[in-house]
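The values are calculated or read from the model by the stated rules, or taken from the named source; none is laboratory data. As the structure is a prediction and not an experimental result, all values here were calculated from the model. In this analysis, Cβ positions are derived from the backbone assuming ideal geometry, glycine residues included, and neighbour counts consider all displayed protein chains.
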Amino acid sequence: MGVWGDGNYENDSAADALAHVVEQLVSEVEKGLASYKNEHLTVLDIEDEVMAYVQILKSIVEGMRPTKTGVVADVLFPDYGPSAEILTGWKEQVLSAHLRYFGEGASDSGRYRVIRDTFDQFIQLRAGVRR
């Protein structure tokens, strides 16, 4: 396909580079979530790292603006990257681990709300709903 617009992501080379970065970030999130089973790591260490990767992925999607050729995120993300369904699963895993570690009362904490809101915003972006 080559070049399909003037934007920084509107060419095959940029799309390939972006795909590579997204795949790496998704892999790191999945590796982090799998490590919740490792008794030598604390939930905080895993949660902080996983949420950093989730925020970076979310920032990438937010940074893709509509162009005259269409919405770049719609072109690049359908076939790779976390879907709304995958994000929902990640959210459940992170929040469940958070509550197991800190107790049920932690659902009122600022950190819990930040995690929940980050995932909710990202899920809306991936579902095609923009605020």
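When you scan the range 106-117, how many residues do you find that are in a helix (DSSP H, G or I) and out of contact with any Leu (no Cβ under 9 Å at 6 or more places or on another chain)?
Here the count works out to 6.
Report the residue count in the range 1-51 for those that are farther than 28 Å from Met64 by Cβ and of a type in the set (Asp, Glu).
Selection size over the range 1-51: 2.
Among Gly89, Gly128, which is surrounded by fewer than 17 Cβ atoms within 10 Å (Cβ to Cβ), out of contact with any Ser or Thr (no Cβ under 9 Å at 6 or more places or on another chain), of a type outside the set (Val, Ile, Thr) and modelled with pLDDT under 95?
After ruling out the rest, the residue left standing is Gly128.
Listed residues Val50, Val22; which is under 20 Å from Val114 (Cα atoms), at pLDDT 85 or above and in contact with a Phe, Trp or Tyr (Cβ under 8 Å, 6 or more places away or on another chain)?
Residue meeting the stated conditions: Val50.
Check Asp79, Asp120, Asp16, Asp74 and return the single one that is modelled with pLDDT under 80, charged (D, E, K, R) and in a helix (DSSP H, G or I).
Asp74
Has the range 98-111 got any residue that is at pLDDT 90 or above, buried (at least 18 other Cβ atoms within 10 Å of the Cβ) and touching a Lys or Arg at 6+ places or on another chain (Cβ under 8 Å)?
Yes, the range 98-111 has at least one match.
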